[in-house]
Amino acid sequence: MASGYLVNRGLLTFGIHYRNVGRSTTFTQIREKKRWLKSYMYTMEKKQKIEGPPPPKPRSQKPNWDYHAEVQAFSCRLHENFPLELLKTAFVNPCYMESEHRRRQELGMDAETTALVLKGNTELCSLGSQFTAGFLADWCRASFPSLHGDGVAAVAAHLSCAAVVCHVARNLGIEDLTMSAEHPVTDDVLQATFMAVVGALLESRGAERAGVFLRDFVATQLIGKDLFDMWTVVNPMGLLMEELAQRNMSAPEPRLIRSAGASTVLPLYFVGLYSDKKLLAQGPGDTVIAAEEEAARVALRKLYGFTENRRPSDFSTMELQQQPAKYVGSN
């Protein structure tokens, strides 16, 4: 009796339970991981380290995907009434059409079957690129009227570059809707698709709505950006002298305001620029020349109105005619 009790208690300790399911059937349950699971997981982890992660799949190849409903949802998220066929055309890139036509030919289809009833976004991309370049230049010129012409061109070029446009496009969900031959979508194709969406909006809703779209999603990328990170000025002191001469002000006079650690390996100098006995700006540097150039850049930021504590851009100048959004479901 005692030995049977000890055996049953030992079985319970190791997590082994016996349960009588029927008269002649006994069900055994073991509460532990399988012995083969550890080696299997170790082998799969080692294989992943050697081969690398699996290639990403497009969202269209995953379950629960309705392209028509996604395009409609994209239009509603932007609160814009795109014509669906025009918006779908904006997502079709020429590289996708070429790859799809080549794939159908490899399957042995005839010419009539391989023909695609699709239209590329080349025209929309060209239309959107031209409008984007002009609008951003005009917006920068209106928002910063004192900014030099080269600075306006540099800021507009930064806003329309591939890095900024692709960042906006990915956050708007354009990458998942883009029909491209490669995945993940390259930056050039994604930038062209975004410009095609702008062209579709320009063609369907007009220049005002397209301008509001660019202002809300692209121009706002200037937040937290420094002027001279976008505009490379080789000689800031010479540019400052030109700007002061145009404003009928005397040439700047650099003066050493204070310094620290001049005899150490980490010196620090502060140079101030004076014009008409007034302090224009001051800047730090590890040398006197570097501090003078930094002070010139600070003075240029003040003259151009591009300081860090500048007044935020006024977006109330363009009157928006908002239309109520319609909820669209999958058909």
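The values are calculated or read from the model by the stated rules, or taken from the named source; none is laboratory data. The shown structure was predicted, so the numbers you read here are calculated from the model rather than taken from an experiment. Cβ: placed from backbone, ideal geometry, glycine included. Neighbour counts: every protein chain shown. Heads up: the accessible areas ignore ligands, DNA and RNA and are worked out on the full protein's heavy atoms, side chains in. Shrake-Rupley method; radii C 1.70, N 1.55, O 1.52, S 1.80 Å.
What is the number of the single condition among (1) modelled with pLDDT of 90 or more; (2) assigned to a loop (DSSP other than H, G, I, E, B) that residue 123 does not meet?
Unmet for residue 123, out of (1) modelled with pLDDT of 90 or more; (2) assigned to a loop (DSSP other than H, G, I, E, B): (2).
Could you count how many residues in segment 272-290 are out of contact with any Leu (no Cβ under 8 Å at 6 or more places or on another chain) and either of a type in the set (A, V, I, L, M) or modelled with pLDDT under 85 (or both)?
Count: 2.
Would it be correct to say that residue 285 is in contact with an Asp or Glu (Cβ under 6 Å, 6 or more places away or on another chain) and over 30 Å from residue 172 (Cα atoms)? Give the steps one after another, and end with the answer.
Numbers: in contact with an Asp or Glu (Cβ under 6 Å, 6 or more places away or on another chain): yes; over 30 Å from residue 172 (Cα atoms): yes.
Judged against the criteria, residue 285 is a match.
Quick one: in segment 241-274, of everything that is assigned to a strand (DSSP E or B) and open to solvent by less than 60 Å² (accessible area, probe 1.4 Å), which residue is nearest to residue 292 (Cα to Cα)?
Applying the filter and picking the extreme gives 271.
When segment 223-240 is examined, which residues are found to be of a type in the set (A, V, I, L, M, F, W, C) and open to solvent by 70 Å² or more (accessible area, probe 1.4 Å)? Break it down stepwise before answering.
Just the residues of segment 223-240 that are of a type in the set (A, V, I, L, M, F, W, C), to begin with: 223, 227-228, 230-231, 233-234, 237, 239-240.
Hits for segment 223-240 are 223, 234.
Out of the residues in segment 48-63 that are closer than 21 Å to residue 185 by Cα and more than 23 Å from the chain's Cα centre (by Cα), state the one that is most open to solvent (accessible area, probe 1.4 Å). Outline the logic, then answer.
Taking segment 48-63 as the starting set, the residues that turn out to be closer than 21 Å to residue 185 by Cα are 52-63.
Filter again for more than 23 Å from the chain's Cα centre (by Cα), leaving 52-54, 61-63.
Working: 52: 25, 53: 100, 54: 104, 61: 127, 62: 98, 63: 100 Å².
Going through the qualifying residues, I end up with 61.
Output the residues belonging to segment 84-107 that are of a type in the set (Lys, Arg) and over 23 Å from residue 202 (Cβ atoms). Walk me through how you get there before you give the answer.
Step one: of segment 84-107, the residues of a type in the set (Lys, Arg) are 88, 102-104.
102, 103, 104, listed by residue number.
Considering only segment 141-190, give the helices (runs of 4 or more DSSP H) lying wholly within it that have at least 3 residues that are open to solvent by less than 50 Å² (accessible area, probe 1.4 Å) and among the basic types (Lys, Arg).
Working: elements: 149-159, 162-172, 174-177.
The helices (runs of 4 or more DSSP H) meeting that bar number zero.
If I filter segment 221-240 for residues that are farther than 24 Å from residue 294 by Cβ and in a loop (DSSP other than H, G, I, E, B), do I get at least one hit?
Filtering segment 221-240 for residues farther than 24 Å from residue 294 by Cβ gives 221.
Remaining after also requiring in a loop (DSSP other than H, G, I, E, B): none.
No: segment 221-240 contains no residue that is farther than 24 Å from residue 294 by Cβ and in a loop (DSSP other than H, G, I, E, B).
When you check residue 141 against the structure, is it under 20 Å from residue 185 (Cα atoms) and among the charged types (D, E, K, R), yes or no?
On the way: under 20 Å from residue 185 (Cα atoms): no; among the charged types (D, E, K, R): yes.
In short, no.
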